[in-house]
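Written below as structure tokens is the structure these notes are about.
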Amino acid sequence: MELNMIVNGKKHNIDINPSDRLLDVLRDQLGLTSVKEGCGEGECGACTVIMNGDAVNSCTVLAIQARNKEIITTEGLEKNGELDELQKSFIRNGAIQCGFCTPGMLMSCKALLMKNPYPKEEEIRRAIEGNLCRCTGYTNIVKAVKDVVIR
């Protein structure tokens, strides 16, 4: 089965099996390893990507559902070798510890900022509530997003 989609600004035409998940196509066929598999059930958020402006758990999306859609992964945030402001803010505010949840957190936060460049704290917390983090306690993640909003 043929899948056409745009990933991180680049058009792709990929042969897939009907049962392939978006997560597996991104990692195994496109080599985008920022997309992590944590739970495989859409509960942890480690596999979060942005699909047509919405944060989605790529482990629960069949690849074919991404046909003719635009996908952004953490690799797509960087432009011309320069980290995105949100990535810089995560670093600056200590929002990264072990790093496993970081790509999913970044994508959930980026999707929020794409829709609402000036979110309130409760909106930030709601945007990341589907992402599990065992290290940070979420405080520095919220602080990092607020830091981007203020700048």
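The values are calculated or read from the model by the stated rules, or taken from the named source; none is laboratory data. As the structure is a computational prediction, the values presented were derived from the model and not from experiment. All Cβ positions, even for glycine, are placed from backbone atoms using ideal geometry, and neighbour counts span all protein chains on display. Ligands, DNA and RNA are excluded from the accessible area calculation, which covers all protein heavy atoms including side chains. Shrake-Rupley method; radii C 1.70, N 1.55, O 1.52, S 1.80 Å.
Please find, within the stretch 92-111, the residue that is farthest from L132 (Cα to Cα) out of those that are in contact with a strand residue (DSSP E or B) (Cβ under 7 Å, 6 or more places away or on another chain) and not aliphatic (A, V, I, L, M).
So the residue we want is K110.
In this structure, is I91 open to solvent by 50 Å² or more (accessible area, probe 1.4 Å), closer than 26 Å to K143 by Cα and in a helix (DSSP H, G or I)?
yes
Filter the stretch 30-44 for residues that are among the charged types (D, E, K, R) and in contact (Cβ under 8 Å) with a residue 40 or more places away in the chain; which is most open to solvent (accessible area, probe 1.4 Å)?
This residue is E43.
Give the residue that is farthest from S19 (Cα to Cα), with candidates limited to residues of the stretch 72-81 that are buried (at least 16 other Cβ atoms within 10 Å of the Cβ) and more than 8 Å from the chain's Cα centre (by Cα).
Residue satisfying both the conditions and the ranking: L77.
Please specify each residue of the stretch 78-122 satisfying the condition of being farther than 14 Å from I50 by Cα, of a type in the set (A, V, I, L, M, F, W, C) and touching a helix residue (DSSP H, G or I) at 6+ places or on another chain (Cβ under 6 Å).
Within the stretch 78-122, L86, F90, A95, I96 qualify.
Take the stretch 40-71 and flag every residue that is under 13 Å from R21 (Cβ atoms), in a loop (DSSP other than H, G, I, E, B) and among the hydrophobic types (A, V, I, L, M, F, W, C).
Within the stretch 40-71, C47, C59, V61 qualify.
Based on what the data block shows, is R27 of a type outside the set (D, E) and crowded, with 20+ Cβ neighbours inside 10 Å?
no
Looking only at the stretch 107-142, which residues are of a type in the set (A, V, I, L, M, F, W, C), assigned to a helix (DSSP H, G or I) and crowded, with 17+ Cβ neighbours inside 10 Å?
Residues satisfying the conditions are M107, C109, A111, L112, L113, I124, A127, I141, V142.
Just give me the residues in the stretch 45-71 being open to solvent by 20 Å² or more (accessible area, probe 1.4 Å) and either of a type in the set (A, V, I, L, M, F, W, C) or free of Cβ contacts under 8 Å to residues at least 12 places away in the same chain (or both), in sequence order.
M51, A55, V56, L62, I64
Just to be sure I understand the filter: pairs with C-beta atoms under 8 Å, separated by 6 or more residues or on different chains, first member in the stretch 107-124 and closer than 13 Å to V148 by Cα, second member part of a helix (DSSP H, G or I) and among the small types (G, A, S). Which pairs pass?
Listed pairs, sorted by first residue: C109/A127; C109/A144; L112/A127; P119/A127.
Under 28 Å from N4 (Cβ atoms) and either touching an Asp or Glu at 6+ places or on another chain (Cβ under 8 Å) or of a type in the set (D, E) (or both), is that true of E78?
So E78 fits the description; yes.
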